[in-house]
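Notes follow the structure.
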Amino acid sequence: MKQSDETWWRHGVFYQIYPRSFQDTNADGVGDIAGIINRLPYLEALGVDAIGLSPIFPSPMADFGYDIADYTGVDPLFGTMEDFDALAGAAHAAGLKVILDLVPNHTSDQHPWFVESRSSRDNPKRDWYIWREPGADGGPPNNWLSEFGGGAWEYDATTRQYYYHAFLAQQPDLNWRNPEVRRAIYDIMRFWLRKGVDGFRVDVIWHLIKDAEFRDNPTNPNFLEGRRPHQKILPLYTTDQPEVHDVIAEMRRVIDEFGSRVLIGEIYLPLERLVAYYGKDLSGAHLPFNFVLLSAPWHARSIEKVIADYESLLPVGAWPNWVLGNHDRPRVASRVGRDQTRVAAMLLLTLRGTPTLYYGDEIGMHQVAIAPEQVRDPFEKNVPGVGVGRDGCRTPMQWDATTHAGFSTATPWLPLAGDFLHENVVNHEADARSILNLYKALIRLRKKLPQLVSGSYVPIAAQGDVLLYRRESEGAAVVIALNLGAEPVSIVSDAAGLSGEILLSTFLDREGEKIEGTLDLRGNEGAIISG
Ligand code: NOJ
């Protein structure tokens, strides 16, 4: 990819690394920056264009780095600033972009800003956070709940006020209505952008602004017992406030001070709300993360509908994107089932829009069962037993069949998947028909055929378990046929343009096969056909 290409983020394939679990080099059981450098050749061979790192900044690790105590440093657990500079240099030399995680909604309670803020009511940093008087009954100021269980207000006995935390009490929310806070975070962005970072994934960007009047949230009439407890109330006044778009437009202007950088927003909202995050006249995030595939039922008609909805809701000129996995949601292999993981890969890499892969999904890593005594995730600790735990999708990368899967020479911070002796990079590289080789072939094909990147998405009517669409640009087209079921299907369609040859099957064994009007797919098979 050309470094000078202004819109590289439209063409590229993104790969999210959870640094704690990628590669350890100093035998402490936790991955580090030097480990990522060592594995750059692997990422180059995979063919991705950008790596996104979950937080690497100094942190007490209450939420594994999403509680930042210093925005412009590197946590010693991960290495040093020199290591980071070396990573950025080596990645760029290899043609890979580097995206960092910006966590502006909250800091750690150990951040000097918060230490100051809580020290007295008249401290100059008091208003950098969200402090409120107790409610009339002496309890919390209102009914807002923490996403990680319990109330969202923590009482501070020294200054006799409550502070707001959307997540852990150790993650106090910054007050984004305060211009000083905004300036401070924008300067932090500039610090990293000057270092050559290619953009940010902005954590919980839709949370930044809360209701100015701190009104109670309404109760959720559809709440079901056993669900995440914070869903008992609807976040009407805590997230997705209209003023958030002004903040994001400011962030975007900071990004635009530098050439060719990207602003990505982490947003869990229904599609019709999500698309607002492109901003008025596209002044917002370049890519508001589209997480719809993380929770859509895995049925051809449901997937067809979410694609159609998304395509029709996108503002003019907005560039789409698709995410198949991340460090907060169960692994795709466990969501869709092992047999469908290849179909999911083909879907991700043939839809219109920037695809984001999550480390390990390319070798089919599944959600690892975590015994109660092994739980590390604070969310699971606070809200046990309802399936919110995120450790199972954060287990160490399975590189080879040696002790600890080549991830570390020490016991890893989270247990390895039981199947790592077979399911590992070395084995997958040796097996010409592995899912890893499918991912590589898909990425190669995407680079070879412009219609897979910039072509339009044209749905083709299909029934049952079949999902069918065409990608076409300037007369060149390919048809993608995916069987989301376990039974073989025979697709007969003149309209689909099913004549040509198979460019790629998810089983990697039919390339070059001629098709004339009818396409037979095995159970759980997907194919790309030349148009
Ligand atoms: C979203 C992050 O992806 C998640 O891992 C984290 O716990 C919350 N934001 C709080 O920062």
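Only residues that are open to solvent by less than 10 Å² (accessible area, probe 1.4 Å) and either among the hydroxyl-bearing types (Ser, Thr, Tyr) or within 15 Å of the ligand (Cβ to nearest atom) (or both): list them for the range 44-54, please.
Of everything in the range 44-54, those that are open to solvent by less than 10 Å² (accessible area, probe 1.4 Å) and either among the hydroxyl-bearing types (Ser, Thr, Tyr) or within 15 Å of the ligand (Cβ to nearest atom) (or both) turn out to be LEU53, SER54.
Check whether at least one residue in the range 149-163 is out of contact with any Pro (no Cβ under 7 Å at 6 or more places or on another chain), among the basic types (Lys, Arg) and crowded, with 20+ Cβ neighbours inside 10 Å, and report yes or no.
As a first pass, look at the range 149-163 and keep what is out of contact with any Pro (no Cβ under 7 Å at 6 or more places or on another chain): 150, 152, 154-161.
Going one step further and asking which of them are among the basic types (Lys, Arg), we end up with 160.
Filter again for crowded, with 20+ Cβ neighbours inside 10 Å, leaving none.
No, the range 149-163 contains no residue that is out of contact with any Pro (no Cβ under 7 Å at 6 or more places or on another chain), among the basic types (Lys, Arg) and crowded, with 20+ Cβ neighbours inside 10 Å.
Within the group TRP206, TRP192, which residue is more than 16 Å from the ligand (Cβ to nearest atom) and under 27 Å from ARG252 (Cβ atoms)?
On the way: TRP206 fails: more than 16 Å from the ligand (Cβ to nearest atom).
Every option except TRP192 fails the conditions.
Select, from LEU269, LEU294, the only residue that is in a helix (DSSP H, G or I) and either among the hydroxyl-bearing types (Ser, Thr, Tyr) or within 19 Å of PRO320 (Cα to Cα) (or both).
Details: LEU269 fails: in a helix (DSSP H, G or I).
The conditions single out LEU294.
Where residues in the range 164-175 are surrounded by fewer than 23 Cβ atoms within 10 Å (Cβ to Cβ) and within 16 Å of the ligand (Cβ to nearest atom), which of them is farthest from LEU234 (Cα to Cα)? First the steps, then the outcome.
Start the filter on the range 164-175 by keeping residues that are surrounded by fewer than 23 Cβ atoms within 10 Å (Cβ to Cβ), which leaves 169-170, 173, 175.
Filter again for within 16 Å of the ligand (Cβ to nearest atom), leaving 169-170, 173.
Working: ALA169: 20, GLN170: 23, ASP173: 19 Å.
Looking at residues that are surrounded by fewer than 23 Cβ atoms within 10 Å (Cβ to Cβ) and within 16 Å of the ligand (Cβ to nearest atom), I get GLN170.
Scanning for something more than 20 Å from PRO355 (Cα to Cα) and in a loop (DSSP other than H, G, I, E, B), does the range 444-456 turn up at least one residue? Break it down stepwise before answering.
Within the range 444-456, the subset more than 20 Å from PRO355 (Cα to Cα) is none.
No, the range 444-456 contains no residue that is more than 20 Å from PRO355 (Cα to Cα) and in a loop (DSSP other than H, G, I, E, B).
Search the range 120-136 for residues being in contact (Cβ under 8 Å) with a residue 40 or more places away in the chain and part of a loop (DSSP other than H, G, I, E, B), and hand back the single one that is farthest from LEU174 (Cα to Cα).
Here is the first cut: in the range 120-136, the ones in contact (Cβ under 8 Å) with a residue 40 or more places away in the chain are 121, 127-130, 132.
Then keep just the ones that are part of a loop (DSSP other than H, G, I, E, B); that gives 121, 130.
Working: ARG121: 16, ILE130: 7 Å.
Within the range 120-136, the match that is farthest from LEU174 (Cα to Cα) is ARG121.
Output yes when any residue across the range 55-70 is within 20 Å of LEU357 (Cα to Cα) and within 16 Å of the ligand (Cβ to nearest atom), and no when none is.
The first filter runs over the range 55-70 and keeps only residues within 20 Å of LEU357 (Cα to Cα), leaving 55-56.
If we keep only those that are within 16 Å of the ligand (Cβ to nearest atom) as well, we get 55-56.
Yes, some residue in the range 55-70 is within 20 Å of LEU357 (Cα to Cα) and within 16 Å of the ligand (Cβ to nearest atom).
For TYR71, indicate whether it is among the hydroxyl-bearing types (Ser, Thr, Tyr) and within 30 Å of VAL453 (Cα to Cα).
On the way: among the hydroxyl-bearing types (Ser, Thr, Tyr): yes; within 30 Å of VAL453 (Cα to Cα): no.
Considered against the rule, which asks whether it is among the hydroxyl-bearing types (Ser, Thr, Tyr) and within 30 Å of VAL453 (Cα to Cα), TYR71 comes out as no.
So which of LEU274, LEU263 ends up being within 26 Å of ASP49 (Cβ to Cβ), part of a strand (DSSP E or B) and either touching a residue at least 12 places away in the same chain (Cβ under 8 Å) or under 16 Å from the mean Cα position of the chain (by Cα) (or both)?
On the way: LEU274 fails: part of a strand (DSSP E or B).
None of the others qualify; the one that does is LEU263.
Name the residues in the range 383-421 that are over 18 Å from HIS327 (Cα atoms) and either in contact with a Cys (Cβ under 7 Å, 6 or more places away or on another chain) or within 16 Å of the ligand (Cβ to nearest atom) (or both), would you?
none
Kindly indicate whether LEU236 is within 15 Å of the ligand (Cβ to nearest atom) and in a loop (DSSP other than H, G, I, E, B).
Judged against the criteria, LEU236 is not a match.
Could you tell me whether the range 299-307 includes any residue that is open to solvent by 20 Å² or more (accessible area, probe 1.4 Å) and part of a loop (DSSP other than H, G, I, E, B)?
First pass over the range 299-307, keeping only residues open to solvent by 20 Å² or more (accessible area, probe 1.4 Å): 299, 301-302, 304-306.
Now drop any that are not part of a loop (DSSP other than H, G, I, E, B), which leaves 299.
So far as the range 299-307 goes, yes, one or more of its residues are open to solvent by 20 Å² or more (accessible area, probe 1.4 Å) and part of a loop (DSSP other than H, G, I, E, B).
Go through the range 90-146 and give me each residue that's closer than 24 Å to MET189 by Cβ, within 16 Å of the ligand (Cβ to nearest atom) and either open to solvent by 50 Å² or more (accessible area, probe 1.4 Å) or at pLDDT below 95 (or both).
Result: GLN110, single match.
Going by the structure shown, is PRO450 within 28 Å of the chain's Cα centre (by Cα) and surrounded by fewer than 20 Cβ atoms within 10 Å (Cβ to Cβ)?
Here the answer is yes, as PRO450 does meet what is asked.
For the range 496-511, give me the residue count where each residue is assigned to a loop (DSSP other than H, G, I, E, B) and closer than 19 Å to ARG342 by Cβ. Break it down into steps so the answer makes sense when it comes.
Start the filter on the range 496-511 by keeping residues that are assigned to a loop (DSSP other than H, G, I, E, B), which leaves 496-498, 506-511.
This time we only want the ones that are closer than 19 Å to ARG342 by Cβ, so: 506-511.
Residues flagged as assigned to a loop (DSSP other than H, G, I, E, B) and closer than 19 Å to ARG342 by Cβ within the range 496-511 amount to 6.
The values are calculated or read from the model by the stated rules, or taken from the named source; none is laboratory data. Predicted, not measured: the structure shown is a model, and the values here were computed from it. For neighbour counting, all protein chains shown are included, and Cβ atoms are generated from backbone atoms with ideal geometry for every residue, glycine included. Just so you know, the surface numbers come from the protein's heavy atoms only, side chains and all, with ligands and any DNA or RNA stripped out. Shrake-Rupley method; radii C 1.70, N 1.55, O 1.52, S 1.80 Å.
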